[in-house]
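Below is one structure, written out as structure tokens, with a few remarks after it.
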2 protein chains.
Amino acid sequence: MDERKKKILQAVIDEYVNTAEPVSSSALVEKYHLDYSSATVRNELAELEKSGYLDKTHTSSGRIPSEKGYRFYVDELIKEDDISLEEMKYIQSKLDAKVNEIEDLAKIATTTLSEITHYTTVAIGPKPERQLIEEIKFVLLGTRMLMVVIVTDSGLVKETIIKYDEDITQTQVETLNNLFNAKLKGKPLSKIDKPMEEYILAEITYSVDVIKPIIEQINRIVEEAGTIYLEGANKSFDLPEFKSLELAKNFVNVLDEKEVMLDILDSGVAKDINVYIGDENDKEELKDFSVVTFKHSVGDKDLGTIGIIGPKRMNYSKVISVMKYISKKINENKKGE
Amino acid sequence: MDERKKKILQAVIDEYVNTAEPVSSSALVEKYHLDYSSATVRNELAELEKSGYLDKTHTSSGRIPSEKGYRFYVDELIKEDDISLEEMKYIQSKLDAKVNEIEDLAKIATTTLSEITHYTTVAIGPKPERQLIEEIKFVLLGTRMLMVVIVTDSGLVKETIIKYDEDITQTQVETLNNLFNAKLKGKPLSKIDKPMEEYILAEITYSVDVIKPIIEQINRIVEEAGTIYLEGANKSFDLPEFKSLELAKNFVNVLDEKEVMLDILDSGVAKDINVYIGDENDKEELKDFSVVTFKHSVGDKDLGTIGIIGPKRMNYSKVISVMKYISKKINENKKGE
DNA sequence: AGTTAGCACTTTCATCTTTAGAGTGCTAAC
DNA sequence: GTTAGCACTCTAAAGATGAAAGTGCTAACT
């Protein structure tokens, strides 16, 4: 593929990303200052189509990029710094807000990413099994409410409350603190399995009624730790792709299925940024969309994965530039602590 | 209004609620076993229209209920037990789940209501200012993380975490516990104002840096305590009213505006169930919708308000029946505790 | 050999026209 | 008071028309 073809392909994609309308040869010449006539461009477009980088919606329509075209764009033509000074400042200001909980950080990053790109974003924290329990603390509220707090090494703090029908003594709380810390500290954050449950039950001399709900709630917390954030689902309604209400509904339904979302975010391979264009998505429901995911981390600490879901004609340059910038800034901020 | 007119009006509304299509005289005769010819029904329909209970979309169309018609239906014709045995069982099973936090109860009620009625539901807890602080507790996690827990008399538990750059001692935690409990226990859950802040700062001998973030976070918690739950926003897309994407977008936007939602839920007057039909809504954005709200409580304890937002042709009978049933069950469950 | 003007050809999209069908309102008869 | 019958109205879907937007190809040009 020669330089002129690349330039034209890039122009077609840039234009189509903006307008969502098939791009004509004359529009390219006018808007992209090409020093050739529309006829020449037409010849090139025909060849690009023959090689599979472009498509047409009907015989006499302008061109739209094919998935192969987008893939070439992402691999070869992408601008890595497609981000304005204003956007940088905005990101900085958002990230500057004092963040106490690791979950809030993910939330802020997700929201900001959605605000700047205008696409729908999803996020998931580090996998529970990969976090280690740093502390587990029991706190008595009043006389019949027990709060359980779990802190992990990646800074996740999760708590839950259990109501009892009878008073809990401070001594009991001490025993619980000692026992659970002895058994769970340093262990991965995963559900309490049967053997462990039996061990704990055997160890504790008093009522099973106190322990049972604790184990139940801890297991619930662990499950919840893999929760997904979703941001800007509405934004997609403004896309011309969703002129058809049918499509819009489908899209919303996909987002609603946590399982699907989880799989997508998890599937990212070794690379920090992964781009799946249309058919490259495993999930049938996403064949008409593109997904970009990135894992963010500080040093070797995994902080989870953020993903963007948008139309295939997504602004890949902007999305990836912004992702990289956010990722960089999170790292800088965190290192300062 | 004579009995036959009532019967016909009821039939028109029931039919329109189901089909969302203008109702014809012949359809009424066929489906509702009226012992009159379509011509007679037509005469009655004409009179009902003249009195303002019915409308037409164009001269030769069938009838649709007017807002006055819906209002009459709600006031006079409603079936108070429009709920099936299956639905009762489903509600019971949902509410049976052990609920430790008052907020979870609101969440469950909201979700269940949305699932059964297929409309969008919103909920808000009791107003923060009307709750009294029962306990405020400081808990040290590790050496540099401080957790603040606030428990109110209506059972709300809110917590937050503050990270410090230096170690916090157990003695400091004790001082904090004593001071804040002495000053705030029994007081309404509201933001810490300037005089109180200054008093606290004067009282504490050590670093302002420790106190400032605590006050900040407590104020954030209080603000958050008035949070809204939203459930089943997607469901509305299935309504034929939303054939136009424009309308659907507007609807989603209304839901997004927390202020509007808050006002609506707050505006409920003394009655436990309030119905606002179309123009009866204060908010311009809701003139095309109907809103039903109900306050739920146990004894004299306010538990907040739940609202349903749907098309004017909402199934008022079902909505109100289900609301009453849920309210009743919550009361029974809670009393048992 | 690469470029381009020119023009026939294709397809869409918006606008009109037509027609069948659903419903009402009214009149006159029961 | 009720109803059969029919003229009349309006909608909604299906075809008809024409302009506009583009392409592809040919033949001429540099």
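A few notes on this one:
Quick grid of which residues meet (1) modelled with pLDDT under 95; (2) outside any loop (DSSP other than H, G, I, E, B); (3) surrounded by 15 or more Cβ atoms within 10 Å (Cβ to Cβ); (4) more than 9 Å from DNA strand D (Cβ to nearest atom):
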{"position": "B:17", "(1), (2), (3), (4)": "no, yes, yes, yes"}
{"position": "B:35", "(1), (2), (3), (4)": "yes, no, no, no"}
{"position": "B:39", "(1), (2), (3), (4)": "no, yes, no, no"}
{"position": "B:49", "(1), (2), (3), (4)": "no, yes, yes, yes"}
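- Region A:51-70, subset surrounded by fewer than 18 Cβ atoms within 10 Å (Cβ to Cβ) and more than 16 Å from DNA strand D (Cβ to nearest atom), residue farthest from the other protein chains (Cβ to nearest Cβ): A:68
- Any helices (runs of 4 or more DSSP H) falling wholly within region A:227-337 and containing at least 1 residues that are in contact with a His (Cβ under 6 Å, 6 or more places away or on another chain): A:316-335
- The set of residues in region A:233-249 that are surrounded by 15 or more Cβ atoms within 10 Å (Cβ to Cβ) and either modelled with pLDDT of 90 or more or polar (S, T, N, Q) (or both) comprises A:234, A:236.
- Yes/no for residue A:79 being touching a residue at least 24 places away in the same chain (Cβ under 8 Å) and surrounded by 20 or more Cβ atoms within 10 Å (Cβ to Cβ): no
- Residues that are over 24 Å from residue A:318 (Cβ atoms) and surrounded by 14 or more Cβ atoms within 10 Å (Cβ to Cβ), drawn from region A:2-15: A:4
- Check on residue B:205, loosely packed, with under 12 Cβ neighbours inside 10 Å, in a helix (DSSP H, G or I) and among the hydroxyl-bearing types (Ser, Thr, Tyr): no
- Of all the numbered requirements in (1) closer than 21 Å to residue A:70 by Cα; (2) more than 14 Å from every other protein chain (Cβ to nearest Cβ); (3) touching a residue at least 24 places away in the same chain (Cβ under 8 Å); (4) crowded, with 19+ Cβ neighbours inside 10 Å, residue A:276 misses one, and that requirement is (3).
- Yes/no for residue B:218 being surrounded by 16 or more Cβ atoms within 10 Å (Cβ to Cβ) and in contact with a helix residue (DSSP H, G or I) (Cβ under 7 Å, 6 or more places away or on another chain): no
- Residue in region B:19-27 that is over 27 Å from residue B:281 (Cβ atoms) and modelled with pLDDT under 95 present: no
- Search result, residues across region A:142-187 that are in contact (Cβ under 8 Å) with a residue 12 or more places away in the chain, among the β-branched types (Val, Ile, Thr) and in a loop (DSSP other than H, G, I, E, B): A:143, A:168
- Flag for residue A:151 being within 21 Å of residue A:200 (Cβ to Cβ), within 12 Å of another protein chain (Cβ to nearest Cβ) and of a type in the set (A, V, I, L, M, F, W, C): yes
- First in region A:58-75 and without any contact (Cβ under 8 Å) to a residue 40 or more places away in the chain, second anywhere and in a loop (DSSP other than H, G, I, E, B) and surrounded by fewer than 20 Cβ atoms within 10 Å (Cβ to Cβ), Cβ under 8 Å, 6 or more apart: A:61/A:22; A:66/A:52; A:68/A:52
- In this entry, residue A:35 is excluded by the filter for residues that are closer than 26 Å to residue A:319 by Cβ and within 15 Å of DNA strand C (Cβ to nearest atom).
- Unique residue being basic (Lys, Arg), within 14 Å of chain A (Cβ to nearest Cβ), away from DNA strand C (no atom under 16 Å from the Cβ) and touching a residue at least 12 places away in the same chain (Cβ under 8 Å) when the list is B:127, B:107: B:107
- Candidate set: region A:207-245, residues that are more than 29 Å from residue B:100 (Cα to Cα) and within 10 Å of another protein chain (Cβ to nearest Cβ); chosen: the one nearest to the chain's Cα centre (by Cα): A:233
The values are calculated or read from the model by the stated rules, or taken from the named source; none is laboratory data. No experiment lies behind these values; they were computed from the predicted model shown. All Cβ positions, glycine included, derive from the backbone under ideal geometry; neighbour counts span all protein chains shown.
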